[in-house]
Amino acid sequence: MFKSLRLKLLFYFFVINIIVLFVYSIFIYSTAKKGILNTTDTQLKMLSIDVIPDFKKDSYANAKEFADELFEEFAIEPLFVKIIYYNKETNSIAYETISSMENKSLFDIPLNEIGHEGSIYYFNKDIYRISSMFIFEKNNTKVFIQLAIKKDIDSLYLKQLLFGLIVATPIILVIFLFIANILINKTLSPVKEVIESVKSISANNLSNRISSDNIPSEIMELVTTFNQLLNNLENSFSKITDFSNNASHELKTPLTVIRGEIEVALKHNRKPQEYKDILKNILEESISIQKMIEQLFFLAKKDMTELTSDFNEIYLDEVLTDTILQIEKFALTKDTNIKIKKIIPVTIHANETLLKIAINNLLRNAIIYSPNCSQIFVSLDENGVDYLLSIEDNGYGINEEDLAFVFERFYRADKARSLKDGGTGLGLAIVKMILDIHGYKIELFSKKGSGTTVQIKIPKIMALT
């Protein structure tokens, strides 16, 4: 019916107020009318009681005289009176007198023959209110007095009240609607602020967020959900941007090398061995490009929620020994020996595939950045609060000023050696991301020319016992 929430709320408020005001008006009018009727009943009762002493003195010969006397005393008009003498022995009316025969039908009402003295009953007939009261008993005769006066339903007070309700109800309704409109606008103002905040967000400023200040709890969940959506979008855009920038930057060098090799080969005829050397260089650069693209896709595509959902109970000591066995073939290419200092059994809740990638990258780095015929020491031990996985080499080491940047993407402490050995500058970035997903800490200790020690700290509180 209404697309506008404000109009819909106003409409509901309008309908509810009409119903409430209508019911309230009926209640007020009915209460006032009932009050006037009670006043009439009280008046009839007082008139009946007032004449009891005179009846006992036989002061009234008939109802007409009685009615005239009451009119002179109380000035009530019209007032109709009927007096009934009921014989108890014959159980019938012995005598009755009425002030006006024209209104005889008004008193066509039942008697309360068995009632006690002073009992009174009220009846409605047309516009009249009628009372019937047993006033006293004398000589086996019960005397009843019946009075009839007009109900004051058309009184000036009721007319004024009805007029006031008819006039006041729409005025009150308009005032209520005006106040409701102000309150609804004030209530919906946070929604408008959220809408304006959303409108200000574009692809160029995805870092902006909807402020949660002064946001009511009813829409706080919406704001939180939308901000989370923006976080996801920003992360996705950031990954795409990083992938594009990193890929274009890092692929430029190997592609330039490949192009240069091909251009050199095409300049003039060469010996077969020279062509083989050129093709070998191109193959090495192609392998480097392939490795870089695979690692870039790994960093760009992996979603943390997806990865953490693959956590299972694993034996870290077995994962470590399996990874060492897998990389030993690569270590033999440099006559490097991997020695195990100490491995204790450790059970943790983790992603086995990711941990193997991280350990493999660390071992591969230790092999690459160590001279031939080196030794690499691996241990899995514990201290008071952590399990410690350590990989120690006696390789070239890292300058102190480079230690703070080694986990950044494409950072190479020794660029010449990294390129020569096929490094992409992404290995430690992948290791850091994997360990962050697990909540583990990594520390790197190194000194130029003295080797490097990498230590992974796994809190015991995260391990399974």
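Since every read-out is calculated from the coordinates, none of them should be taken as a lab result. Predicted, not measured: the structure shown is a model, and the values here were computed from it. Note that we place each Cβ from the backbone using ideal geometry, even for glycine, and neighbour counts take in every protein chain shown.
Pop the C-beta distance of N112 and D68 into the FRET formula with R0 = 30 Å and round what comes out to the nearest 0.05. Present the calculation step by step, with values, prior to reporting the outcome.
On the way: r = 27 Å, r/R0 = 0.89.
Working from the Cβ atoms, E equals 0.65.
How much net charge surrounds E137 when only other residues with a Cβ under 9 Å from its Cβ are counted (Lys, Arg +1; Asp, Glu -1)?
Details: positive: K88, K138, K142; negative: E117.
In short, +2.
Hey, which of these cross-link pairs are over 26 Å Cα-Cα: K356/K448; K276/K339; K34/K138; K339/K441; K104/K151; K329/K460? Don't jump to the answer; show the numbers that get you there.
Details: K356/K448 28 Å; K276/K339 38 Å; K34/K138 36 Å; K339/K441 23 Å; K104/K151 18 Å; K329/K460 33 Å.
Flagged as over cut-off: K356/K448; K276/K339; K34/K138; K329/K460.
Within the P(r) computed for the stretch 308-462, what percentage of the Cα pairs occupies the region above 28 Å?
Percent of Cα pairs beyond 28 Å in the stretch 308-462: 16.
What percent of all Cα-Cα pairs in the stretch 95-139 falls in each 10 Å bin, counting up from 0?
23, 52, 24, 1
Residue by residue through the stretch 263-274, what is 3J(HN,Hα) from phi via Karplus (6.51 cos²θ - 1.76 cosθ + 1.60, θ = phi - 60°)? Round to whole Hz and write x for glycine and proline.
Coupling constants for the stretch 263-274: 4, 5, 5, 8, 5, 7, 5, 10, 6, x, 5, 5 Hz.
Identify the residues of the stretch 6-46 with backbone N under 20 Å of a label point that sits 7 angstrom from the Cα of L162 along the Cα-to-Cβ direction, or state none.
So the set is 21-41.
Picking from L435, Y369, V346, whose Cα lies most toward the positive end of the charge dipole for the stretch 308-462 (charges on Cβ: Lys, Arg +1; Asp, Glu -1)?
Checked the options; the winner is Y369.
Going by average Cβ density within 10 Å per residue, which order do the peptides 371-384, 101-114 take, highest to lowest? Intermediate results must be reported in sequence, preceding the final value.
Numbers: 371-384: 14.7, 101-114: 12.6.
Result, highest mean Cβ count within 10 Å first: 371-384, 101-114.
Can you list residues whose amide H is under 5 Å from K151's amide H, if they're 5+ apart or on another chain and H is modeled 1.01 Å from N?
Amide H to amide H, under 5 Å and 5 or more residues apart or across chains, K151 pairs with Y128, R129.
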